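As structure tokens, the structure follows; a few thoughts come after it.
The values are calculated or read from the model by the stated rules, or taken from the named source; none is laboratory data. The shown structure was predicted, so the numbers you read here are calculated from the model rather than taken from an experiment. Glycine also receives a Cβ, built like all others from the backbone with ideal geometry; neighbour counts cover every protein chain displayed.
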Amino acid sequence: MAHWYTADLHFGHENIIRLCNRPFRDADQMDAILMDNLKSCVGRGDHLWIVGDFAFGRRSKDTVWLRELFDQLPGARKHLLIGNHDNVHTQALPWDSLSHLVELKDGPKNSRANTLCHYPMVTWNHSRRGALQLFGHVHDNWAGTRNSINVGVDLWDFMPVRIEEVRERAKELPVNLHWHDAEPGADLVSAAKMLQTLAKRLGLELPPPHGAVVSGSKGPRLRLGLQIREWRSQVGPT
């Protein structure tokens with residue numbers, strides 16, 4: 001059983017093709033390709049997580065069309081994280097779960113539960129301990145940050161994704177500019193502990209990090225950042 005993630009499908013929405021420059025001639029073609037892409041990835045025993053905005057536009061008010069669309073979705077279980085365009089008809093579909101926010105364990109055995117929400121966030125439960133946040137809503141405007149990642153179709157070639165792919169992309173994204181405001185020192189302290197553990201495994205003796213308690217001031221964080229840079233030069237590439 002695998003978990004698959006996607007967002008901002010906008011089934012039935014003609015205008016989204018123009019607004020997001022999607023490469024489809026009309027909504028019918030878009031809907032068919034989006035559904036084919038889901039079916040090519042999501043297995044019969046898998047879970048499909050739609051992180052908001054399943055359908056929109058005139059057709060999304062047609063309950064017969066909406067149910068026929070829903071019945072085509074692959075997977076053993078279908079989940080919806082409610083987005084701003086998910087109307088009462090969409091929410092009334094027989095989802096296996098319906099929520100504004102979900103914490104879900106998916107990844108390495110001892111990893112923390114990730115947070116799923118339609119809207120991007122700065123911090124969330126266990127964000128200091130490596131948990132990711134998966135969102136949609138902003139389409140192709142923003143890919144996200146080091147630990148908050150956009151899983152919308154506009155940034156993933158209109159395909160659903162696995163958590164392994166999300167983690168790989170996260171490594172290439174910048175740290176949120178407000179991360180230090182929300183979680184002062186969290187990332188640097190985590191990095192310091194990680195480097196100490198790595199050094200121990202490699203048989204290296206590294207000095208303890210400056211400032212065991214990292215305050216909200218920039219001074220201690222800067223010193224710790226410089227210390228980590230020095231440690232990295234000693235440890236070398238991993």
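Taking the stated definitions as given, is ASP53 within 22 Å of THR115 (Cα to Cα) and out of contact with any Phe, Trp or Tyr (no Cβ under 7 Å at 6 or more places or on another chain)? Explain how you work it out, then say what you get.
On the way: within 22 Å of THR115 (Cα to Cα): yes; out of contact with any Phe, Trp or Tyr (no Cβ under 7 Å at 6 or more places or on another chain): yes.
Considered against the rule, which asks whether it is within 22 Å of THR115 (Cα to Cα) and out of contact with any Phe, Trp or Tyr (no Cβ under 7 Å at 6 or more places or on another chain), ASP53 comes out as yes.
With respect to the conditions (1) in contact with a Leu (Cβ under 9 Å, 6 or more places away or on another chain); (2) closer than 16 Å to ASN84 by Cβ; (3) surrounded by fewer than 16 Cβ atoms within 10 Å (Cβ to Cβ), LEU19 lacks only one, and its number is (1).
Looking at ALA92, ALA27, which is the one that is small (Gly, Ala, Ser), assigned by TED's automatic domain parsing to the domain that holds HIS139, free of Cβ contacts under 8 Å to residues at least 40 places away in the same chain and surrounded by 13 or more Cβ atoms within 10 Å (Cβ to Cβ)? Please lay out each step first, then the result.
Values: ALA92 fails: surrounded by 13 or more Cβ atoms within 10 Å (Cβ to Cβ).
Testing whether each residue is small (Gly, Ala, Ser), assigned by TED's automatic domain parsing to the domain that holds HIS139, free of Cβ contacts under 8 Å to residues at least 40 places away in the same chain and surrounded by 13 or more Cβ atoms within 10 Å (Cβ to Cβ) leaves just ALA27.
Every condition in (1) surrounded by 20 or more Cβ atoms within 10 Å (Cβ to Cβ); (2) closer than 17 Å to HIS3 by Cβ holds for CYS41 except the one numbered (1).
The rows are residues; the columns are (1) in contact (Cβ under 8 Å) with a residue 60 or more places away in the chain; (2) at negative phi.
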site	(1), (2)
CYS20	yes, yes
ILE33	yes, yes
GLY52	yes, no
PHE56	no, yes
ARG67	no, yes
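Can you pull out the helices (runs of 4 or more DSSP H) entirely within region 1-88 that have at least 1 residues that are over 16 Å from VAL153 (Cβ atoms)? Explain how you work it out, then say what you get.
Details: elements: 15-19, 27-41, 63-71.
In region 1-88, 27-41, 63-71 are the helices (runs of 4 or more DSSP H) which contain 1 or more residues that are over 16 Å from VAL153 (Cβ atoms).
Of all residues in region 149-175, those that are without any contact (Cβ under 8 Å) to a residue 40 or more places away in the chain and in contact with a Leu (Cβ under 7 Å, 6 or more places away or on another chain) total 2. Within the span defined as region 52-69, every residue fails to be basic (Lys, Arg), under 26 Å from ARG162 (Cβ atoms) and modelled with pLDDT of 95 or more. Residue check: GLY107 meets all listed conditions (1) at pLDDT below 95; (2) surrounded by fewer than 18 Cβ atoms within 10 Å (Cβ to Cβ) but one, namely (2). Is it the case, given these coordinates, that LEU98 is surrounded by fewer than 19 Cβ atoms within 10 Å (Cβ to Cβ), aliphatic (A, V, I, L, M) and modelled with pLDDT of 95 or more? Against the criterion (surrounded by fewer than 19 Cβ atoms within 10 Å (Cβ to Cβ), aliphatic (A, V, I, L, M) and modelled with pLDDT of 95 or more), LEU98 qualifies.
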